[in-house]
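**Q** Provided herewith is a single structure, encoded as structure tokens, for subsequent inquiry.
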Amino acid sequence: MDTKARQPKLGLREKYRLLTRDLGWDPTYQTRETLYPYAEYEGIKIHDWDKWEDPFRLTMDAYWKYQSEKDRKFYAILDAHAQNNGHLNITDARYLSAIKLFLQAISPGEYTSHQGFSRAGRELPGVGTQVACQMQALDELRHAQTQIHALSNYNRFYNGFHAFVQQRDRMWYNSVPRSFFDDAMTGGPFEFVVAIAFAFEYVLTNLLFVPFMSGAAYNGDMSTVTFGFSAQSDEARHMTLGLESIKFLLEQDPANVPIVQGWLDKWFWRGLRLLSLVGTMMDYMLPKRVMSWAEAWNIYGEENGSALFKDLARYGIRKPKGWEDASKGRDHISHQFMLGLYQWSFGTAFHGWIPTDEEFAWLSEKYPDTFDRYYRPRWNELRKLAAAGTPFKNYGLPMLCQTCQLPCLFTEPDDPTTLCHREVEYKGERYHFCSSHCQEIFDHEPEKYVQAWLPMNQLTQGTSGGGGLENWMKYVNLVDGQDNGDFEGSQDQRNFAQWKHNSVSNQA
Amino acid sequence: MAIIARKPYDFPPADSVEHYHGDQLIYMCWGHHLMFAAPFMTMASPKTSFGEFLKTALEPIIALDPDAAKVDWTKVEWTRRGKAFKPALDKSLQDNGIVHKEYLRFDTPGLNTVCG
Amino acid sequence: MPIELRTITIEPLRNNYDHLEKRFGHKPASRYQEASYDIQPVENLHYRPTWDPDQTLYDPTLSRIRMRDWYDLKDPRQLYYGSYTQARARQQDTEEANFEFVESNGLVMLMTDALRQQALDLLVPLRHVAWGADQNNMMVCGYGYGTTFKQPCVFYALDQLGIAQYLSRLGLLLGGQDALVAGKQAWMEAPAWQDMRRYVEDVMAVRDPVEVFVAQDVVLDGLLYPLVYERLVDDLLAVQGGTAVSMLTQFMTRWGAETRRWSDSVVKTMAAESAENRAVLEEWITQWGQRAVAALAPLARPVAVDTTDALMTEQIAAFAGRAAKAGVTIKLEH
Amino acid sequence: MPSNVFLVLQSNDDTRAIVDAIEIDNPKATITRQPAMVRIDAPNRLVVRRETVEEQLGNPFDLQAMHVNLVTLGGNVEEDADEFALYWDN
């Protein structure tokens, strides 16, 4: 009997179907509701899981093959970087502030994504979707680990990296990404996938990674370029999972459309707020700049986002509600954020600084309508104070937004001279927000956001180390005088200059 | 709108007033003084007089601004919950109706050295 | 005169991240340690899950097993993502070469129809068991506590997906698409498979992550892999002319032996933690073990025929012996 | 007005043939070289054909291998053994 002659040769598509979709079955000893208990309560209606499209059709053998190839390359470069004092190739140690912030705020988010996709990969009762989520779960673990490995070598020579684990749960600004990912994970599996795979990965991740990795390349940081590109090579898969999920949900039932639209409105805004950190890194923290946040927003936000939402219009989906306000904030948010980070730098595990004249010129060229008018005068004042030996330290604790947990430092969309503020009363308590959109997110699910662990509001309760700045620094593993403060005069600055000098001279 | 959850979902806020050992939080925003990147979070006993609160909790942290010394508290324009507000400096926070996590904005027209 | 190749020597400020220095002292940590320890959030969790407000987002009390430090449950293989994919890529190369060898030399044609049918009957429905194992391990990874315990489970899950895919390819090679259809039908309807399918579905209904780990990885796979791949395929089918089948399942044989080292060590550490843990483990392993034995015996019978009972007794003894080494005393009947 | 789809690849020896192939098969594509990466934009549709890559490479090529060097993309994806396409439906 010749099986080959009897059976027609299978196409790639059909073979993939047999190797994934066909593995599932309809349970009879347990109900579907018992085995997939979280699949329905969000109100999403799925009639036919088989309509799910997997564009990449990756089987595990291919996954192992290509992923191991990527990792082999990655660790080879990392080893070489460590062996050759690659850290001395960066443009300036000041650059590392961006990387410290990355390790503290973003890498833990990769791990959380790994956890969230593990759950979604179990809970969504369609094999195709499960497999896609599972592979992403594995990839996200990879990203967390390669980042920790890549930055481990910097940690050996520079301050601010050493306590990223403790700071993940305790440091005030890290509650921004932490609450973002906790929010997504405490939602149901569908909301999680829309939040992370679509709103974050598809709509916003290009704004995070692509300019950031070019920034690393511009600044001689090969180890970050390598983990960045290596992670990005998985992103194409993740972004496509995001887009396919959305199309699938929208096609399955018209009742899904308003639910999905609500999630897009929410998660676009939450993601944008989170990414304001990145805008600040791009405009202020890279000694050698790639492009401004405004330019990145134009390319990756405005242009690509418009194409995407035009494509989704046929399902009745419109641009997220916060889109216009995001565009209005384009020329402001990075300046407002950096001014905050500078005045609170005694409480950050990275350094702040005042930009140089050359950087002022760059900023006013990139932000002709806003920098000279609104932000240069403030920086000039800060310079004056620093020159007088009384650098500006704002020991007043900032008010945090109940939803995004950033200090309420952004201005009204149409008035850059007034801080934006919204407030509501809910069950006898007052809650405050940095924007209309953050308030709207709260209004939809007040029961969730009242629980927010706002670091400043905890600090004043005495729960973060027992009260007082010194105890708080112990609580967050912040070494005063080393990890924090102005870059000018820091140990990082001195060491880098010394080592760099030694490497090109005949000393030591 | 209410949250959609599989079981009853009701949890207390993590920063309600009983966590503050007799004190309360008050948020303070100085209009058009953006040298301070965000509104301040301050803490005081509800029994403190408003004037005392300004002196002890607010003045030290706004002192960094060149305008701070010129502020005349009797001429400040206050806004609370979107409406003009006239606090009595000699009355307590409580008697001024200032609750936990109240947000007060104060404007000082004519003083705008840095952020005109 | 010695030649200094490095341009400069710089004394590092520290050898590692704070949390690793606290655990392992001031020496440089391994990549496994850096990648695994303490990287799950622990405190100041923001919101309760809407899918189950009784739980916290990372909740060690979801299980009846209690650990003072979940990071005691380390992986003896020290697999993190990088070392995991390198290891599997190598095994995948070998497995690919085996498929290639069997196909290009027409080894399937050398088997009798009866033998080929036996192999299909035994192995093709197992791809559904593997898919169940995949989902169960995603559950453990998603809801378990501590990365050193959870991380091996995400690897395990995707390994099981890989195994399900190898079994599907084996089915296609030996019997074409019809073989997969027949295998699924047997899985859904054949009496010999129903205890097994009930077992897998029942494990999927369990929400205690450690119990899922025990029922799936320790018990079911701990009995299934040695029985099916080492004894039924490698010994019995191979001597009847089924070497080709044994080549096509080499990945599973080796994988089973490798992962048992990990799962045994996890049980051992959990049992050593407390008498309460040991009692819970004994209860789970006995209950699920009894059901697994009952589910496996009818699958072995068409291949082992007269020796099935002896084979099962031997496998039970080996399994109980491994459990005893891990500190858990159990007695299973056949 | 058509929307652009785009593909960004790492700039290295592995991707040289892919970029060349894209240029041949997509006359409307614009190629921008940036530090460490290459960005390719095209109105509405962009296609990578296995055959063309193989001709440029002089060797067999599996389209899935492209993922090793992919940085990001924009557009709906359609992939089979012979073609990798990005498109917008509008």
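The values are calculated or read from the model by the stated rules, or taken from the named source; none is laboratory data. Just so it is clear, the structure is predicted and the values come from calculations on it, not from any experiment. Please note: Cβ atoms are built from the backbone with ideal geometry, for glycine as well, and neighbour counts cover all protein chains shown.
**Q** Within region D:7-55, can you find the residues that are under 19 Å from A:Gly228 (Cα atoms) and either among the aromatic types (Phe, Trp, Tyr) or surrounded by fewer than 18 Cβ atoms within 10 Å (Cβ to Cβ) (or both)?
**A** Quick first cut of region D:7-55, residues under 19 Å from A:Gly228 (Cα atoms) only: D:7-15, D:33-39.
Selection gives D:Asn12, D:Asp13, D:Asp14, D:Arg33, D:Gln34, D:Pro35.
**Q** Moving on to the next point. Could you tell me which residue of region A:390-435 is surrounded by the fewest Cβ atoms within 10 Å (Cβ to Cβ), considering only residues that are of a type in the set (A, V, I, L, M) and in contact with an Asp or Glu (Cβ under 8 Å, 6 or more places away or on another chain)?
**A** Of everything passing the filter in region A:390-435, A:Val424 is surrounded by the fewest Cβ atoms within 10 Å (Cβ to Cβ).
**Q** Go through region A:21-52 and count every residue that is assigned to a loop (DSSP other than H, G, I, E, B) and either out of contact with any Gly (no Cβ under 8 Å at 6 or more places or on another chain) or modelled with pLDDT of 95 or more (or both).
**A** 21
**Q** Further, regarding this structure: Given the residues A:Phe181, A:Phe192, A:Phe229, which is the only one that is in contact with a Lys or Arg (Cβ under 8 Å, 6 or more places away or on another chain) and of a type outside the set (Gly, Ala, Ser)?
**A** The unique qualifying residue is A:Phe192.
**Q** Tell me, please, whether a residue that is closer than 17 Å to A:Phe161 by Cβ and facing chain C (nearest Cβ under 10 Å) can be found in region A:68-82.
**A** yes
**Q** If you don't mind, there's one more thing I want to ask. Pull up region A:299-339, narrow it to residues that are of a type in the set (Val, Ile, Thr) and assigned to a helix (DSSP H, G or I), then point me to the one that is farthest from the other protein chains (Cβ to nearest Cβ).
**A** A:Ile333
**Q** What number of residues within region A:304-327 satisfy the criterion of being surrounded by 16 or more Cβ atoms within 10 Å (Cβ to Cβ) and either of a type in the set (Asp, Glu) or touching a His at 6+ places or on another chain (Cβ under 8 Å) (or both)?
**A** Number satisfying all stated conditions: 4.
**Q** Restricting attention to region D:35-90, which residues are hydroxyl-bearing (Ser, Thr, Tyr) and farther than 23 Å from A:Asp139 by Cα?
**A** D:Thr52, D:Tyr87
**Q** Tally time: how many residues in region C:17-37 are within 7 Å of chain A (Cβ to nearest Cβ) and in a loop (DSSP other than H, G, I, E, B)?
**A** The total comes to 1.
**Q** Scan region A:224-236 and give yes if some residue there is without any contact (Cβ under 8 Å) to a residue 12 or more places away in the chain, in a helix (DSSP H, G or I), of a type in the set (A, V, I, L, M, F, W, C) and in contact with a helix residue (DSSP H, G or I) (Cβ under 8 Å, 6 or more places away or on another chain), otherwise no.
**A** Filtering region A:224-236 down to residues without any contact (Cβ under 8 Å) to a residue 12 or more places away in the chain leaves A:236.
Narrowing further to those that are in a helix (DSSP H, G or I): A:236.
Filter once more, keeping what is of a type in the set (A, V, I, L, M, F, W, C): A:236.
Then drop every residue that is not in contact with a helix residue (DSSP H, G or I) (Cβ under 8 Å, 6 or more places away or on another chain), which leaves A:236.
Taking every residue of region A:224-236 in turn, at least one turns out to be without any contact (Cβ under 8 Å) to a residue 12 or more places away in the chain, in a helix (DSSP H, G or I), of a type in the set (A, V, I, L, M, F, W, C) and in contact with a helix residue (DSSP H, G or I) (Cβ under 8 Å, 6 or more places away or on another chain).
**Q** Still on this structure, I have one more. Scanning region A:398-438 for residues that are in a loop (DSSP other than H, G, I, E, B) and among the polar types (S, T, N, Q), which turns out farthest from the other protein chains (Cβ to nearest Cβ)?
**A** A:Ser435
**Q** If you don't mind, another one. Applying the selection to region D:55-83, what residues are more than 9 Å from chain A (Cβ to nearest Cβ) and either part of a strand (DSSP E or B) or among the hydroxyl-bearing types (Ser, Thr, Tyr) (or both)?
**A** Once the filter is applied, which keeps residues that are more than 9 Å from chain A (Cβ to nearest Cβ) and either part of a strand (DSSP E or B) or among the hydroxyl-bearing types (Ser, Thr, Tyr) (or both), region D:55-83 yields only D:Glu83.
**Q** Given the conditions (1) acidic (Asp, Glu); (2) in a helix (DSSP H, G or I); (3) touching a residue at least 12 places away in the same chain (Cβ under 8 Å), report the number of the one that A:Glu358 does not fulfil.
**A** (3)
**Q** Inside region A:458-468, can you point out the residues that are outside any loop (DSSP other than H, G, I, E, B) and either free of Cβ contacts under 8 Å to residues at least 12 places away in the same chain or at the interface with chain B (Cβ under 8 Å from one of its Cβ atoms) (or both)?
**A** Filtering region A:458-468 for residues outside any loop (DSSP other than H, G, I, E, B) gives A:458-459.
Answer for region A:458-468, where residues must be outside any loop (DSSP other than H, G, I, E, B) and either free of Cβ contacts under 8 Å to residues at least 12 places away in the same chain or at the interface with chain B (Cβ under 8 Å from one of its Cβ atoms) (or both): just A:Gln458.
**Q** Among A:Tyr395, A:Tyr342, which is part of a loop (DSSP other than H, G, I, E, B), within 30 Å of B:Thr56 (Cα to Cα), aromatic (Phe, Trp, Tyr) and away from chain D (no Cβ under 14 Å)?
**A** Result: A:Tyr395 is the single residue among A:Tyr395, A:Tyr342 that is part of a loop (DSSP other than H, G, I, E, B), within 30 Å of B:Thr56 (Cα to Cα), aromatic (Phe, Trp, Tyr) and away from chain D (no Cβ under 14 Å).
**Q** Give the residue, chosen from C:Val212, C:Val219, that is more than 11 Å from chain A (Cβ to nearest Cβ), touching a helix residue (DSSP H, G or I) at 6+ places or on another chain (Cβ under 8 Å) and in contact (Cβ under 8 Å) with a residue 12 or more places away in the chain.
**A** C:Val219
**Q** Same structure again: If you take just the strands (runs of 3 or more DSSP E) that sit entirely in region B:1-95, which of them hold at least 3 residues that are within 14 Å of another protein chain (Cβ to nearest Cβ) and closer than 16 Å to A:Gly396 by Cα?
**A** Strands (runs of 3 or more DSSP E) meeting the threshold: B:24-30, B:40-44.
**Q** So which residues in region D:56-67 are crowded, with 19+ Cβ neighbours inside 10 Å and touching a residue at least 12 places away in the same chain (Cβ under 8 Å)?
**A** If the condition is that a residue be crowded, with 19+ Cβ neighbours inside 10 Å and touching a residue at least 12 places away in the same chain (Cβ under 8 Å), then D:Phe61, D:Met66 are the ones that fit.
**Q** A further question on this structure: Taking the condition within 13 Å of chain B (Cβ to nearest Cβ) and either in contact with an Asp or Glu (Cβ under 7 Å, 6 or more places away or on another chain) or not charged (D, E, K, R) (or both), does A:Leu363 pass?
**A** Working: within 13 Å of chain B (Cβ to nearest Cβ): no; either in contact with an Asp or Glu (Cβ under 7 Å, 6 or more places away or on another chain) or not charged (D, E, K, R) (or both): yes.
For A:Leu363, the condition - within 13 Å of chain B (Cβ to nearest Cβ) and either in contact with an Asp or Glu (Cβ under 7 Å, 6 or more places away or on another chain) or not charged (D, E, K, R) (or both) - is not met.
**Q** Give A:Phe161, A:Phe180 a once-over and let me know the one that is touching a residue at least 24 places away in the same chain (Cβ under 8 Å), closer than 21 Å to A:Leu277 by Cα and under 16 Å from the mean Cα position of the chain (by Cα).
**A** Answer to the selection: A:Phe180.
**Q** If you don't mind, another one. Evaluate the following for A:Asn495: is it at pLDDT 95 or above, surrounded by fewer than 18 Cβ atoms within 10 Å (Cβ to Cβ) and more than 23 Å from the chain's Cα centre (by Cα)?
**A** yes
**Q** Sticking with this one: Being of a type in the set (A, V, I, L, M) and within 28 Å of C:Leu110 (Cα to Cα) narrows it down to one of C:Ala272, C:Ala297, C:Ala244, so name that one.
**A** Numbers: C:Ala272 fails: within 28 Å of C:Leu110 (Cα to Cα); C:Ala297 fails: within 28 Å of C:Leu110 (Cα to Cα).
On inspection, the qualifying residue turns out to be C:Ala244.
**Q** C:Leu161 - would you say it is under 21 Å from C:Glu230 (Cα atoms) and in contact with a Phe, Trp or Tyr (Cβ under 8 Å, 6 or more places away or on another chain)?
**A** In short, yes.
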